[in-house]
Amino acid sequence: MSEKEEKANSTDSTQTGAPSVPGKMVPIFVMGKRYEVPETLTIMKAMEYAGFKFIRGCGCRGGICGACATVYRKAGDYKLYVGLACQTVVEPNMYLTQIPFYPANRAAYDFSQLEPTPEEIFKLYPELFRCVACNACTKACPMDVEVMDMISALKQGNIAKAATLSFSCIQCGLCVSRCMGELPQYHIAQLARRIYGSKIVPRAEHLNKVVIATAEGKYDQCLHTLMKMGEEELRKLYQEREMEPAMADEDWVPTDTKYL
Ligand code: FES
């Protein structure tokens, strides 16, 4: 996050129209109408400052949920820019609009019945082959996902590569809004990640051991002891716990390994 974005995120987001944010004011245009807003605000906070209220198109405010896709232009520049309203700081004379829910095709399937093969994805999303490799999807991605490469990997039958390439996707739908082949890239990528994570990647053996130990009651006594403690006692225990050093080796273990 840039210094400017940090400043913006430290501003009270509950304000609507109260000009209590310090700093220079800049003009922005929301759906064609001009507003003066503090230059340090994100698009989301600037719109709230201007009197807009987010009922949809806003979720986490932290760049995670993908609800706040935005398209904008800058004065004197033909280029269409994309971003997340909660993460992008306003610029003078920015012309912007929020993208509402985008009607992308989402296939229905019984996940338990799917085979971990590319053909399953092809059957559910045959439009995948309408991709003309124009790369507009990649250019539209605010998370820098190589969207077109992800689609190409699937066309080549490589689910693992598609899942890995799309790991940072937050499902904002901006790729779909720019696709001339009318692909629902983010839904396709999500299916690839589901198949990869559930049916291809090897099971984590250590996780399996912990699940079995939990079911066998290894942690019952410890949990009962914790549940009987008062708030102060719990706080002390938490504050005095042994912590992993910041620069610990990969094989670091705590002194007490009873519950590992
Ligand atoms: S509100 Fe969740 S990514 Fe912006």
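The figures follow:
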item: Region 68-93, residues that are over 19 Å from the mean Cα position of the chain (by Cα) and either of a type outside the set (Asp, Glu) or surrounded by 15 or more Cβ atoms within 10 Å (Cβ to Cβ) (or both); result: Tyr72, Arg73, Lys74, Ala75, Gly76, Tyr78, Lys79, Leu80, Val90, Glu91, Pro92, Asn93
item: In region 128-155, the residues that are touching a residue at least 60 places away in the same chain (Cβ under 8 Å) and not in a helix (DSSP H, G or I); result: Pro142
item: Qualifying residue in region 115-127 (condition: touching a residue at least 24 places away in the same chain (Cβ under 8 Å), within 16 Å of the ligand (Cβ to nearest atom) and within 24 Å of the chain's Cα centre (by Cα)); result: no
item: Residue in region 53-63 that is of a type in the set (Phe, Trp, Tyr) and modelled with pLDDT of 95 or more present; result: no
item: Those strands (runs of 3 or more DSSP E) lying entirely in region 20-107 with at least 1 residues within 14 Å of the ligand (Cβ to nearest atom); result: 69-74, 81-84, 94-98
item: Subset tally (residues that are within 18 Å of Ile200 (Cα to Cα) and either exposed (fewer than 13 other Cβ atoms within 10 Å of the Cβ) or in contact with a Leu (Cβ under 6 Å, 6 or more places away or on another chain) (or both)) for region 122-152; result: 1
item: Helices (runs of 4 or more DSSP H) contained in region 156-260 and holding at least 1 residues of a type outside the set (Phe, Trp, Tyr) and in contact (Cβ under 8 Å) with a residue 24 or more places away in the chain; result: 159-165, 174-178, 185-195, 220-228
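Okay, residues lined up against (1) touching a Lys or Arg at 6+ places or on another chain (Cβ under 8 Å); (2) over 28 Å from Gly59 (Cα atoms); (3) of a type in the set (A, V, I, L, M, F, W, C):
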| position | (1), (2), (3) |
| --- | --- |
| Gly76 | no, yes, no |
| Val89 | yes, no, yes |
| Asn93 | yes, no, no |
| Pro100 | yes, no, no |
| Glu127 | no, yes, no |
| Ala133 | no, yes, yes |
| Ser152 | no, yes, no |
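The values are calculated or read from the model by the stated rules, or taken from the named source; none is laboratory data. Source: prediction; values computed, not measured. No Cβ is skipped: glycine too gets one built from the backbone with ideal geometry, and neighbour counts run over all protein chains shown.
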